[in-house]
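Let me begin by presenting the structure, written as structure tokens, before commenting on it.
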């Protein structure tokens, strides 16, 4: 691996003024010195006065002396100015060179000794946007770029290390041992994984709590890696998580623009282009609609899938995410969107349309051509255009260009939306914890427990930090339970037969879950009592499994039986080794 080095420092106005002054002074000294020596040596017999001789003497001025100046003056006024200006230009150049040299060494030292900072690896637009976002939110950022990448100084982050993030020496030069997080955002998944593993190994002996967020562009590979990591018995080194920008951008979109309330009819959505982003939008729309507390029971979300492979994609999605069939009414159209509209085959115009083609020219053309067919409100057409997202948000001409017409286009940049540090931090465990709580609420309601009658029977957003952590701990323990019965996680695939747990295994895992829960509560200061008192941290379930009442045992049984459904919601299935 090449020796890591830091980039040149940022360009300050004072430094630019100094360089301009040096250039002007040096040029003026050359001209004046040449003219002055020509006048001074016009009649000289000791020194030559040919043009090359004059140029040679002129250059000597920059090294603090010239042979003809050994003669006593007076000198012509151009030469008087040049013999002082030329050494001044030389001194200025030496000062600037020394400043650059010491600044580079100082920045290298600052990067190596940085603390409480985040490290971003990569030359990609994702790495650049994420670095700027982190810096803007008050984080100290050290970015690692390859030797071949662009190294233009930027005011957006003060520290830059050149090298390969897969090299332990480069990570050490970026201050890995004192960092608070690391983001691997190169072009290749394998390189990002290697960076994560190298960083995890480097932190193992010091602080294993470093979160490492690894970008995996392929959503299927990302899901596979998440499954394998969740199933590890004791993940070594730092905490490793894998994220995909299309999934994050889809989640961000529905967080910013939730679906309409469920008092009226369910909204109709249209997704054109079964790209990774288009598929993620369908899954996230269904999840958000299912979670809405005000949606009418049995009210299914209408989603039309439009693409050449829409039918095939629909079969894949409904198998991987079984809840889609219950939460949505899905219909596939294996045709081009504009052809469908022109031929009148899409009889039910959507309330919202999402144009998700990878080809941004095609996406923009489709959105502008088809906008007269929509019945939705302003901003009801979302078109993926990463290259135009910055211009659209800045307003001006771009805003006027897209705001006119029957609908107002919402230009959506996937990279900009996905570069949200808070969203990236919501790893698989966090998402499973939320699903666990959602299913717990449904189970309690089915048993007649009214909402808000207990601190735990509330929506996730209103749940206390302590109870959220309880759900996270239960999600983290899923891998341990599955290993106990010889099962592993894989993404749901049609050719893979899904195994089910026997009642004996349910009983065993229920005991494990109860023991884990008791240890967690006792560590938090809870004690046994016949009546529950959350304020005094008293609970009747803090007892041995053998003495646990049947109704409390059944709650553990229900929690274990929910595990396959929870995993299916995230796109996983159980398979016996």
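Data overview
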quantity: In the range 181-192, the residues that are part of a helix (DSSP H, G or I) and over 17 Å from residue 425 (Cα atoms); calculated: 189, 190, 191
quantity: In the range 516-535, the residues that are within 41 Å of the chain's Cα centre (by Cα) and surrounded by fewer than 15 Cβ atoms within 10 Å (Cβ to Cβ); calculated: 519, 522, 523, 524, 525, 534, 535
quantity: Which numbered condition residue 189 misses (of (1) surrounded by fewer than 24 Cβ atoms within 10 Å (Cβ to Cβ); (2) modelled with pLDDT of 90 or more; (3) in contact with a strand residue (DSSP E or B) (Cβ under 6 Å, 6 or more places away or on another chain)); calculated: (3)
quantity: Any hit, the range 406-414, residues being at pLDDT 85 or above and surrounded by fewer than 17 Cβ atoms within 10 Å (Cβ to Cβ); calculated: no
quantity: Number of the exception - residue 478 against (1) assigned by TED's automatic domain parsing to the domain that holds residue 566; (2) at pLDDT below 85; calculated: (2)
quantity: Residue in the range 324-336 that is at pLDDT below 90 and crowded, with 20+ Cβ neighbours inside 10 Å present; calculated: yes
quantity: Matching residues, the range 436-459, being modelled with pLDDT of 75 or more and assigned to a loop (DSSP other than H, G, I, E, B); calculated: 455, 456, 457, 458, 459
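The values are calculated or read from the model by the stated rules, or taken from the named source; none is laboratory data. Quick caveat, the model's predicted, so the values are computed rather than measured. Methodologically, a virtual Cβ is constructed for each residue, glycine included, from the backbone with ideal geometry; neighbour enumeration extends over all protein chains shown.
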